[in-house]
Structure formats: structure tokens, C-alpha cells
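The values are calculated or read from the model by the stated rules, or taken from the named source; none is laboratory data. Since the model is a prediction, treat every value here as computed from it, not as a measurement. Note that we place each Cβ from the backbone using ideal geometry, even for glycine, and neighbour counts take in every protein chain shown. Just so you know, the surface numbers come from the protein's heavy atoms only, side chains and all, with ligands and any DNA or RNA stripped out. Shrake-Rupley method; radii C 1.70, N 1.55, O 1.52, S 1.80 Å.
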Amino acid sequence: MNRRLLEKAAALLAREKGTIYKDPGGRIRICLVYPNTYRVGMSNLGFQGIYGLLNSRDDVVCERAFLPDEKDLEEHRRTGTPVFSLESRRPLDQFDIVAFSVSFENDYPHLIRILDLSRIPFRTAARTRYHPLLIAGGACMSFNPEPLAPFLDVVFIGEAEEALGEFLDCYRRQADRDVLKRALLMLQGVYVPEFYDVAYDAEGRVARRSAQGGVPERVERRIQRDLSRMPMSTAVVTPEAEFSGMYLIEAMRGCPWSCRFCLVGHTYNPPRKKDIAAITGEIERAKDHAADTGEAARAGQTKAGQTRIGLIGPSLSDYPYAKEVLCMEGVEFSITSLRASAKSAGLVELLKRHKSVSIAPEAGTERMRSVIDKRITEQDILETAQLILTAGIETLRLYFMIGLPTETEEDVAGIAGLVKKIRALSARGSLVASISTFVPKPFTPFQWHPMEALDSVKRKMKTIKDAVKNERGIKVFHDVPKYAFMQGLFSRGSRRIAPVLEAMAHTDDWRAASAAAGISPEPCLFRARGFDEVLPWDFIDAGISKEKLWSAYNEALAGERIS
């Protein structure tokens, strides 16, 4: 074990507040792994919540590990040091269970690199009972786990809070791994990939999917119906996270709007809202937690002694207790974004002290917003933006997408035009327009639609930047298109993509890895799919019918908005 890497881990732990230490004797030893760096992983509410949930069981000791950053990655490789947990510095291969929390497709190669560094065989078929059981959950696993399926023993489909407890009870009862896996098939929301065979046609499409030995053909997602009963919130606070020293508390889950491009509004529904007693109780506990130390930075407090709390939810303008929560004393709140609507007017007044507030028009024209069923008008956007700018908030962030179905040059020009109109509302503050490339997601009406070609995406981004480059107080940022296409490959791919991930154990170049694996990514990215095609994720029962999604897709292509 490399001394410098061990010392760095100790330094990170020394700055944390809330770290959980347990004697592993007689307990199930789990390493919860976030397949990105410590800074990113410690800002993820799901990862934090599962860490706290697992450690709430007396029969479990859960520790954490992360992808080493670039400099440390080279040190791991140079010295042969495996990835190890923070709390006990134990290598991953010495745990009973290694649990991956996977929220973003572009972290898939990181998962493979972590296994590579840890000297754990990639494929399930290559591992024995002497290796840890590899399990995974998180947003990506709930809509299409197939690119990672050959590497994982168990996958949690949906929201794993309740299923994890049942899984651990089953793990306690079954010493034999094969018996355990078959027993797990009886749990709602638990998927064991090795019990399913997939065949492909000559063009790489799924031709047939079959379940072995009478196991269920479909896997029904699991949802947590009462957010107040099993709350998700920050377990460990650190100034080294992206949201430095901030407690994250979930206010709601799911979205009432279900825009046609949006995964959250389809796979996390029905919308559920935490009751006021539960959320205020969590906030008070966070304040007490923050006050229980003399070091404000470690405790998640501002210089004024306020506790920093991030409220998490996809549509907080629709959270019924938002005003009551934001009025709580002794707290500096951060929120994800506001919806451009009349509901947000009362909230803007409570956010005056914020440096930055975000809204997401998504498109620049009424026509395009009808296609994606973003039920806000240009007047809604302008009125909300004016409220934010005149309230003295320093930065208004605007989120847009390009490459959406049926998008025209006029729609692209409309993004720049809308940004200019917002800039003309007030001389105060600055605007940041963030442009992302549309990626079709499973279980949305656009799951059949191809991605737009790279050259076209780059040209559209340049069009927007050129149109506003001489405007005062406007900055334009956009994603890196090649990474958007990598996201599309893993989002829409089947198990045939697994060799690409294996080839990425030592490279970030997904196209070179595809070539090395003999896989062409173009059909996965740029081929339109039909209703009768078997999609890689069709085995998941996500609570919404394929027929309903197909109908919404055709309505979108016709430019129809849901009434």
C-alpha cells in the first residue's frame, strides 16, 4: 500500500464530519463505491443516503471508496496499490460485498477501472466465491443496466431503500452464492443478470431474450412510496465535496410535468413529497449536527453561523412547503432550480441572498417547447427571469438543449434570441447559458429517436455562441459533444457494449475502445428504432406502457402539446 495514497485518505477523513466507524467483527462488510472522484461522489445524495442507511443496521459495516483522481490513478498503477476503503484502508477484494452507486452513464468506464486496479475479475463468470459479491444500484441501473450486466452479480431496479434491507436479510440466510442469487429473484426490484440469455440478429439488435429455469421474465422496479419514513439526506459533510460543507436533504422525488425528453419525470413517478414535519425535523438535525463542533467549515456552517443546506428535488417550485422551509432561521439554503412559472414568484423573494439561481427553458421557441411538452411559455420565462434579475441575484443560469427531435435552424436561433431578450430585461446581474446535447433516454417518448450527427451539433453550438458573443453580461457554456455521444452509447446500448467498457480500462477514448472491441457505435447512436423492436431495457417494468410512450413520441413528431 502506497504511503502517499494512505496519507491522502487520512487527510480527507480528518476534514469530514459524520464519518461512521464500526468494528467489522461478525458484521457484513460492504464497501460502497462511487465510480467517480471523492469530490463528486461526496456531493451525491443517493450515495450519501445509502451509506447512512446501510450503517443504520447493526449487522453491517459500510465503508466508502472512490475512483482515484488522475494523479492518484497513476500512483495506484505505478505502485500496484489496489483501490481501498477510506475508513479502514481495506482493499476492495477483502470485502464481502462491493456495492456500486451508479448515477451517470459516463462513469461506467470508471467502474471497470476500479475493478482493474482492485484485481477483481471483470466478468461475473470469472469470479468465484472468494471474490466479493458485486452489486449495483442508482439511476442508471434503473433504466438500462445491460451494458454493465456481464460484470454485476445483482442489480437493484428502481429505488433500493427497502430492497436493500430485504437483500441483506437474504444474504444473512444463504451462505451458498448460487442459492442466494436464485432466492434474490423473488424480491421486487432485484435483477440477477446471469439468469437471462440475450441473442442478437446480424445487425446487432436484440433478437430474443430468455429467462432461465422459470425465473421471472420481467423485473418490476421498486419505489419508495413514503419519503418521510425512510429519508435520504447527507450522512458525512466535508469541505472537499463539490457542494462544500453542505447538507443535502431531499424534498420531493418524481416530477408532475413529465417532459418528453426527461427520464426523471417517467422513471421516478409518481411524484412524492416529503411532509413538512419530516423535512423540518431533518433540517433541525442538520443544524444540531453542524453546531456540534467548533470548526465552522467542517460542520457545514457559513461564517454567519448558518447551516448550509441543499434542497433536492426536480421541481421545487411545485413542492407545497417550499416557502415554509425557505423561511426557516439559521439556514442558508441552496436549491437545484426554479420552474419558470407564477409559482416561483414567491420563492424568488426568499432567494435574494443567493448568488445564483437556475431556470430551464430547454428550448428557444414555443414550437420546440410544444414538441418536448415543456409546459411553459416565453412570457413565463421572461417574467421569472425579470423577477430573479431585479431581486439582485448575481447570476441567472439558463439551461437549453440542442439536437432535439424535429429541431430546425429557427429553433436554434431562438435560443440565442431568448437569451438576448432576457438580457434586455435588466442591466443587473449576469447570464450563463448552458447548452447540452440531447441524449435519448430509455422509458421516455424519445427512446426510439436517434442522436444528431456530431458535425451538426458542433455547428449549432457555434451558431448560438456567435449570436451572443458581443452581448454584455452573457456567457455560453456547452458540454463536450464526444462525451454526450459516449453517454448515448451507454444509455441505449445492450450487453454487446460490454467489450467496449473492458477496452476502456486504460483509455478515455471510447471510439478507439469500440474499434478495439470490434463494435461500431453508429447504429446504437444514429439509428431510429421502431415500435416492434426489442429494446435492451424492455424487460424492466417501469410502470409506464410502451404503447403510451410510442403515442407520445408520435404526438411530439407532429408538434402536439399535451393539454
Point to revise | Computed over the stretch 78-123, Cα set: Rg, Dmax in Å | key: 11.1, 30
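On a 26 Å Cα-Cα criterion, which of the cross-link pairs Lys352/Lys482; Lys71/Lys462; Lys343/Lys421; Lys352/Lys475 come out too long? Present the calculation step by step, with values, prior to reporting the outcome.
Values: Lys352/Lys482 38 Å; Lys71/Lys462 33 Å; Lys343/Lys421 22 Å; Lys352/Lys475 22 Å.
The answer is Lys352/Lys482; Lys71/Lys462.
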Practice item. Send over the Kirkwood Rh of the stretch 439-486, from the inverse of the averaged 1/r over different Cα pairs, rounded to one decimal Å. Key: 12.7
Check your understanding: For the stretch 143-213, what is the convex hull volume of its Cα atoms per residue in Å³?
Key -> 96
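Can you pull the percent of Cα pairs in the stretch 198-282 with separation above 15 Å? Spell out each step's value before the answer.
Details: 2626 of 3570 pairs.
Tail of the P(r) past 15 Å holds 74 percent of the pairs.
For n ≥ 4 DSSP H runs only, could you compute -39500 (n - 2.57) per run for the chain, divide by its residues and tell me the 222 nm figure to the nearest 500? Before the final figure, lay out each step's value.
Details: 22 runs with 198 residues, N = 563.
Helix-only estimate at 222 nm: -10000 deg cm²/dmol.
Just to be sure I understand: if I project the alpha-carbon convex hull of the stretch 348-433 onto a plane and average over all orientations, what area do I get in nm²? Write out the running numbers ahead of the final one.
On the way: hull surface 20.4 nm².
So the Cα hull casts an average projection of 5.1 nm².
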Review point. Ratio of Rg to Rh for the stretch 458-557, alpha carbon only, Kirkwood?
Key: 1.09
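Hey, any idea what Rg/Rh is for the stretch 6-154, computing Rh the Kirkwood way over Cα pairs? Write down the numbers at each step before the final one.
Details: Rg = 14.4 Å, Rh = 15.5 Å.
A ratio of 0.93.
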Point to revise | Amide N proximity, the stretch 343-364 versus Cys327 label position 7 Å along Cα-to-Cβ, cut-off under 20 Å | key: 343-354
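If eta is 1.002 mPa s and T is 20 °C, what Stokes-Einstein diffusion coefficient results for the stretch 510-563, Kirkwood Rh from Cα pairs, in µm²/s? It would help to have the intermediate numbers written out before the result.
Values: Rh = 14.0 Å.
Once the numbers are plugged in, D ends up at 154 µm²/s.
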Review point. If you take the beta carbon distance between Arg27 and Ile276 as r and set R0 to 45 Å, what does 1/(1 + (r/R0)^6) give as a FRET efficiency, to the nearest 0.05?
Key: 0.80
Practice item. Kindly report, to the nearest 10 Å², the accessible surface of His289 as traced by a 1.4 Å probe over protein heavy atoms only. Key: 50
Practice item. Starting from the Cα of Glu203, move 7 Å in the Cα-to-Cβ direction to define the label point; list residues of the stretch 505-532 whose amide nitrogen is under 18 Å from there. Key: 519-532
Revision key, fill the gap. The chain: spread of alpha-carbon positions along the three principal axes, whole Å, largest first, is 66, 65, 45
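About its Cα centre, how strong a charge dipole does the chain have in debye, to the nearest 20, once Lys and Arg get +1 and Asp and Glu get -1 at the Cβ?
Values: 78 positive and 74 negative charges, 169 e Å.
Once rounded to the nearest 20, the dipole reads 820 debye.
Please return the longest range in the chain lying between exposed loop sites, taking chymotrypsin sites (Phe, Trp or Tyr not before Pro), DSSP loop only, at most 14 other beta-carbon atoms within 10 Å, and leaving the sites out. Spell out each step's value before the answer.
Numbers: sites that count: Tyr21, Tyr130, Phe531.
Counting only loop sites that pass the neighbour cut-off, the longest clear stretch is 131-530.
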Review point. Given labels modelled 7 Å from the Cα in the Cβ direction, how far is it in nm from Asn470 to Gln94?
Key: 6.5
Point to revise | Carbon plus sulfur fraction of accessible area for the chain, probe 1.4 Å, in percent | key: 51
**Study point:** Set of the stretch 165-196 residues, backbone N closer than 18 Å to the point 7 Å along the Cα-Cβ line of Ser210
**Key:** 193-196
Practice item. Largest first and to the nearest Å, give the Cα extent of the stretch 256-295 along each principal axis. Key: 48, 23, 12
Point to revise | No Cys partner within the rule (Cβ under 4.7 Å), the chain | key: Cys31, Cys62, Cys140, Cys170, Cys255, Cys327, Cys524
Check your understanding: When only the heavy atoms of the protein chains count and the probe is 1.4 Å, how do Ser341, Ser520 rank by accessible area, highest first?
Key -> Ser520, Ser341
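With every protein chain left in place, what is the accessible area per residue of the chain in square angstrom, probe 1.4 Å? Mind dumping the intermediate values first?
On the way: 22520 Å² over 563 residues.
So the chain comes to 40 Å² accessible per residue, rounded to a whole number.
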Point to revise | Where labels lie 7 Å past Cα in the beta-carbon direction, separation of Ala453 and Thr507 in nm | key: 2.5
